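Accompanying notes for the structure given below.
Any read-out appearing in this document is the output of simple, stated calculations on the displayed coordinates, not a laboratory observation. None of these values were measured; they are calculated from a predicted model. Note that we place each Cβ from the backbone using ideal geometry, even for glycine, and neighbour counts take in every protein chain shown.
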Amino acid sequence: MNAFRTLHRSILVLFAVVVVAIVTLVHFSISKIVAEQSRAQQQSLSPAISLIVEQILKPLHISEALGHSTELVDLMVKEQIDEDAIFKALDRLESEFGLSFFIASEHSRKQYNSDGSIINLIEGEVSWYFKYRDYPVDAVADIGKWEDTHFYIDIKIHDEQGRFLGFFGVGKSLQSFVEIFDVYKQEYGYDFLFVDGEGDIMLSSDPTLIASYSEFTNLSELPWYATLPLAIQNEQALNNKLVTIDQKDFLIAEVKLNQFDWTVFLLSPLEARQAEISQAFIFSVVTLLVIVFSLFLLIYNLLYYFRKDMQPELIVRHATRLPEKDNLQLIYKSLLAEHKSLSVMLISIDELTEIVDTHGRNIGDDILDKVVAYLADHLREQDILGRWSSEEFIVLLPNTGPHVAFDIAQNIRHGIATLPPPSDTPELQITASIGLSFTASTRAMHEVTAHAEDALYQAKRDGSNLVRMQLIE
């Protein structure tokens, strides 16, 4: 009967392991897919962020930093502009940074470019200056110089009294952007769209979408954009939207450029990402199946060894067989009905598992025999001793209050600590930790023993060879 019970428990353990393994497989696989999607999204965004920082934000920071320089303000604050000094400064900046610079003076109403040219700022002919002069922001991004289209960043310059002196800015040929975007597209496979708040495409990796002679392409003119719901079009909320362009699927990611009130849309082709995610998923599934199969083999061999080497339970070696949990339930109910109150004591032999691993199973059996014999000799006649687990015992103390039970537990703990070690291991000291609980009302046994277990674990945490009590509130 005992062998049958052991086999039955082993099958239940095996079944539980299989269920846990399957749940783990599903959870891990889903987590892997999500992680792989996030990784692929991050992998596609990282180069885009680097490109934006290098090609857009870096010129902005350069122009902002130079725009606050004393030298620049001194050049622009004079009523009589020193054009030679301005061209000399702009030429030096172009040589140092490899960008085109300009100064647009409010005093002279002229724009001085680092290539040596001068543009008269006449209202009605040069619209950008008068348009952005009244803007509430200090940094503006714009497209201009249509014979050789440039991307410009215009920074407003003020004197110490806050008077407007004009603009200082940096320009970059759109052709250079096209070349850089093409390199990124060849390497990473995705397209860029830099769109302002009105939906006009300011920069793009597609040369056909770049503005020409002040004619901008709007998002609404793109065929794939027209297929999106009107609510998405009105809000320009394209993040994580799936679109089809030339019969290929693309996933859109957004990056906000708040400095210019622009939005960068990154169109990533799904084909390559789906292949990466599929490969990662297949690898994770195969790996987990191998792990589950290995667990099957391990448990099977453990069960085989256990059945082959099965011996009577350790506690049976003592003359008195102790009742186990199933029988203790009935005994507990009977005692509580008769005495109306009882204390529950859980006794755990300290570090028994480590002792068995180090010195062998026979030494563990000897220690259990010594503890059971001591408990049987020193408990009161009305007390009930039972088996709780492989290295734990339970004592039911009927009609015993918590304070008396605590004193009994301390005596038992001290007595176990004075037991002689097995003859083969004289260096060992046998100790036990004890957890107590008490009830004076009709309660389920598991409720009282749960508090006793908590007290026992507290005794273990506090250093072992201790008694701890947890009463039910």
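Gain in length, Glu71 to Asp407, computed as 0.36 nm per residue apart minus the alpha-carbon separation, to one decimal in nm?
Net length gain for the segment: 112.1 nm.
Using a basic spin-label model with each label point 7 Å from the Cα along Cα→Cβ, how many nm lie between Ser173 and Ser50?
About 2.5 nm, to one decimal.
What is the ratio of the Cα radius of gyration of the range 104-246 to 2.2 N^0.38 Å, with N the residue count, to two decimals?
Expressed relative to 2.2 N^0.38 Å, the Cα Rg reads 1.24.
Label points 7 Å out from Cα along the Cβ direction at Ser464 and Glu427: separation in nm?
Simple spin-label model gives 1.5 nm for this pair.
So what J values fall out for the range 412-425 if you push phi through Karplus, 6.51 cos²θ - 1.76 cosθ + 1.60 with θ = phi - 60°, rounded to Hz, Gly and Pro as x?
After applying 6.51 cos²θ - 1.76 cosθ + 1.60, I find 5, 4, 5, x, 4, 5, 9, 5, x, x, x, 4, 7, 9 Hz.
For the range 219-229, just list the computed ³J(HN,Hα) in residue order, Karplus coefficients 6.51, -1.76 and 1.60, θ = phi - 60°, integers in Hz, with x standing in for Gly and Pro.
3J(HN,Hα) across the range 219-229, in whole Hz: 3, 5, 8, 7, x, 5, 5, 5, 7, 6, x.
For the range 372-473, what is the relative contact order in percent, using Cα pairs closer than 8 Å and at least 6 residues apart in sequence?
Over the range 372-473, the number comes to 22 percent.
Could you compute the FRET efficiency for Ser334 and Asp454, with r as their C-beta to C-beta distance and R0 at 22 Å, rounded to 0.05?
0.30
Between Asp182 and Leu57, what FRET efficiency follows from the Cβ-Cβ distance if R0 is 22 Å, with the result rounded to 0.05?
E between Asp182 and Leu57, to the nearest 0.05, is 0.60.
Which order do peptides 56-67, 322-333 fall in by mean Cβ count within 10 Å, highest first?
56-67, 322-333
Peptides 132-141, 159-168, 389-398: what's the order by average Cβ count within 10 Å, highest mean first?
389-398, 159-168, 132-141
Out of residues 5 or more away from Asp191 or on other chains, whose amide H comes under 5 Å of its own, with H placed 1.01 Å from N in the peptide plane?
Leu267
For the pair Lys248/Asp357, report the inter-label distance in nm, with labels modelled 7 Å from Cα in the Cβ direction.
5.7
List the pair-distance distribution P(r) of the range 316-469, using every Cα-Cα distance, as the percent of pairs falling in each 10 Å bin from 0 up to the bin containing the longest distance, rounded to whole percents.
Percent of Cα pairs in each bin: 11, 43, 34, 10, 1.
Within the set Lys58/Lys88; Lys131/Lys256; Lys172/Lys241; Lys78/Lys110, which residue pairs have Cα atoms separated by over 20 Å?
Table pairs above 20 Å Cα-Cα are Lys58/Lys88; Lys131/Lys256; Lys172/Lys241.
Efficiency by 1/(1 + (r/R0)^6): what FRET value for Asp82 and Lys131, r their Cβ-Cβ distance, R0 = 41 Å, to the nearest 0.05?
0.90
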